[in-house]
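To start, the structure under review is shown below, and the notes come after it.
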């Protein structure tokens, strides 16, 4: 069994969608969610019978210690962050943050809105290791999509797709050393590189506009 921990703040739909896609692709994995708030992600985890932990203190350092204890208890392969606050890397080591923007030009919580409002031609989603500076860590994997002339809702849906794909591809590479694709750390990764990802993603997201796939490199 392969175990993965996710530190989350809100709904975490990409996490649950990635889990479903990975299982459809034949991977035997379990996930656990950790949060410092009673968010929708934990409600969904409870509904699905997924392990989750709630910390009743918003202090970032003590929460980071709490998260580290749970991650070690679960013996997880990798830890991902979809979290809106700073995580202390002294406690949570080698944690991969899934950020819906380019680290250099679109850091922070409003990356998608900023990209849309500034009429960016491209949206970048970055999986990067957290460090002492917010949204400054070393990139693990990058995705790029054309968002020219799209609505804000369409841009957000593309970002959701890209985040799902980043999580899925990193986990596949972690589990399967003989996968038919390998990525180089920090590289831009094409969404076409995982066979059947598109089909399985659409199976679990039946209302997703198929045409948006063509926007993602």
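Quick rundown of the values:
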{"read-out": "Total residues in region 136-174, condition touching a strand residue (DSSP E or B) at 6+ places or on another chain (Cβ under 8 Å), in contact (Cβ under 8 Å) with a residue 40 or more places away in the chain and surrounded by 14 or more Cβ atoms within 10 Å (Cβ to Cβ)", "value": "22"}
{"read-out": "Condition broken by residue 98, with the remaining ones in (1) out of contact with any helix residue (DSSP H, G or I) (no Cβ under 6 Å at 6 or more places or on another chain); (2) surrounded by 14 or more Cβ atoms within 10 Å (Cβ to Cβ); (3) within 30 Å of residue 149 (Cα to Cα) satisfied", "value": "(1)"}
{"read-out": "Tally, over region 191-211, of residues that are surrounded by fewer than 16 Cβ atoms within 10 Å (Cβ to Cβ) and in contact (Cβ under 8 Å) with a residue 60 or more places away in the chain", "value": "2"}
{"read-out": "Whichever residue in region 97-113 is at pLDDT 90 or above and out of contact with any strand residue (DSSP E or B) (no Cβ under 6 Å at 6 or more places or on another chain) and, among such residues, is nearest to residue 212 (Cα to Cα)", "value": "112"}
{"read-out": "Residues of region 72-87 classified as part of a helix (DSSP H, G or I) and more than 22 Å from residue 171 (Cβ to Cβ), total", "value": "0"}
{"read-out": "Some residue of region 53-72 being touching a strand residue (DSSP E or B) at 6+ places or on another chain (Cβ under 8 Å) and crowded, with 22+ Cβ neighbours inside 10 Å", "value": "yes"}
{"read-out": "Strands (runs of 3 or more DSSP E) (entirely within region 1-68) containing at least 2 residues that are touching a residue at least 40 places away in the same chain (Cβ under 8 Å)", "value": "2-8, 29-35"}
{"read-out": "Residue match in region 128-135 (condition: in contact with a helix residue (DSSP H, G or I) (Cβ under 6 Å, 6 or more places away or on another chain) and either surrounded by 17 or more Cβ atoms within 10 Å (Cβ to Cβ) or over 28 Å from residue 90 (Cβ atoms) (or both))", "value": "no"}
{"read-out": "Failed item in (1) surrounded by fewer than 20 Cβ atoms within 10 Å (Cβ to Cβ); (2) on the phi < 0 side of the Ramachandran plot, with residue 75 passing the rest", "value": "(2)"}
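The values are calculated or read from the model by the stated rules, or taken from the named source; none is laboratory data. These numbers were taken from a predicted model, which means no experiment stands behind them. As a convention, Cβ positions derive from the backbone with ideal geometry for all residues, glycine included, and neighbour counts pool all protein chains shown.
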